[in-house]
Amino acid sequence: MEDNSTLLQVSAYSGLIGALLTQALIGLFSYVGDKRKSDTELKKTYRNKQVDIAENFYYVTGEKMAIVKKNIGYWKNYNNSRSEKSLNFLNKEIMKLNAYMQKLDAENWKYNLISLYFDVSLTNDLMIASNLKSKELYLRVLDLTDEIKHALEESKGDLYQLYTQTITEMCKHYEEIYAKMANDMNVVKSGLLTEFGLK
């Protein structure tokens, strides 16, 4: 009778231990499954955000590259001797391009998030510095234009030379920005292809 009682107790304990072990394993597998599901959702969310930011960056950068290219063309054309009417036309076109660039910046805040997802060279700090240099060069051109208008004939030759140098420097500056934008577009494209396993 005692053997039966001991056997029943051992069986009961074995059943209890088996049930506890089963529950522990079920809990562990459920935790691992939930963690994997959570990680997958997080990666999917990150990838979707990355693609959204990259698409916005591609659109804005493409538009800005077109504006920079047109600006270079206008400034190189501006550097030739022109009539007052054609200079006024070029000034209006440059102002339109600059207004469109500001509109792009205002409406596309996602553009500024690109450095969170990709290792681009034109970071926000570098872009601010670049914009300051562009404004500085533009103001120098305006100042020289005004000086030329009010200068004596014998002084105009030196001023025209300074004016030409400033325009050349401005075009070179814009060409450097254009090259960095093109490089950053390649960085983003390469990053996306790698992310999707296509490279």
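Could you check how many residues of the stretch 180-199 are open to solvent by 60 Å² or more (accessible area, probe 1.4 Å) and either closer than 28 Å to Y74 by Cβ or in contact with a helix residue (DSSP H, G or I) (Cβ under 9 Å, 6 or more places away or on another chain) (or both)? Residues that pass the stated criteria total 8.
In the stretch 117-136, the residue that is surrounded by the fewest Cβ atoms within 10 Å (Cβ to Cβ) out of those that are under 21 Å from T194 (Cβ atoms) and of a type outside the set (D, E, K, R) is S121.
Please work out if Y138 is of a type in the set (F, W, Y), modelled with pLDDT under 90 and under 15 Å from the mean Cα position of the chain (by Cα).
It is false that Y138 is of a type in the set (F, W, Y), modelled with pLDDT under 90 and under 15 Å from the mean Cα position of the chain (by Cα).
Condition check ((1) closer than 30 Å to L193 by Cα; (2) modelled with pLDDT of 70 or more; (3) assigned to a helix (DSSP H, G or I)) across all residues:
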residue: L16; (1), (2), (3): no, no, yes
residue: T22; (1), (2), (3): no, yes, yes
residue: D39; (1), (2), (3): yes, yes, yes
residue: L42; (1), (2), (3): yes, yes, yes
residue: Y59; (1), (2), (3): yes, yes, yes
residue: A66; (1), (2), (3): yes, yes, yes
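Once the stretch 183-199 is narrowed to residues that are among the hydrophobic types (A, V, I, L, M, F, W, C) and at pLDDT below 90, the residue that is nearest to S115 (Cα to Cα) is L192. Restricting attention to the stretch 143-153, and to residues there that are within 19 Å of I94 (Cα to Cα) and of a type outside the set (S, T, N, Q), which single residue is surrounded by the most Cβ atoms within 10 Å (Cβ to Cβ)? Among those that are within 19 Å of I94 (Cα to Cα) and of a type outside the set (S, T, N, Q), it is L144.
Listed here are the residues, each with its yes/no results for (1) open to solvent by 90 Å² or more (accessible area, probe 1.4 Å); (2) in a helix (DSSP H, G or I); (3) touching a Leu at 6+ places or on another chain (Cβ under 6 Å); (4) polar (S, T, N, Q).
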| site | (1), (2), (3), (4) |
| --- | --- |
| D105 | no, yes, no, no |
| K110 | no, yes, no, no |
| S115 | no, yes, no, yes |
| Y138 | no, yes, no, no |
| V141 | no, yes, no, no |
| S155 | no, yes, no, yes |
| Y160 | yes, yes, no, no |
| I167 | no, yes, no, no |
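Of all residues in the stretch 153-167, those satisfying the criterion of being over 14 Å from Y138 (Cβ atoms) and either in contact (Cβ under 8 Å) with a residue 40 or more places away in the chain or of a type outside the set (K, R) (or both) are E153, E154, S155, G157, D158, L159, Y160, Q161, L162, T164, Q165. For the stretch 78-103, filtered to residues that are open to solvent by 50 Å² or more (accessible area, probe 1.4 Å), in a helix (DSSP H, G or I) and not basic (K, R), the residue that is modelled with the highest pLDDT is A99.
The values are calculated or read from the model by the stated rules, or taken from the named source; none is laboratory data. Quick caveat: nothing in here was measured; it's all calculated off a predicted structure. Glycine also receives a Cβ, built like all others from the backbone with ideal geometry; neighbour counts cover every protein chain displayed. Note: accessible area is taken over every heavy atom of the protein model, side chains too, but ligands, DNA and RNA are not part of it. Shrake-Rupley method; radii C 1.70, N 1.55, O 1.52, S 1.80 Å.
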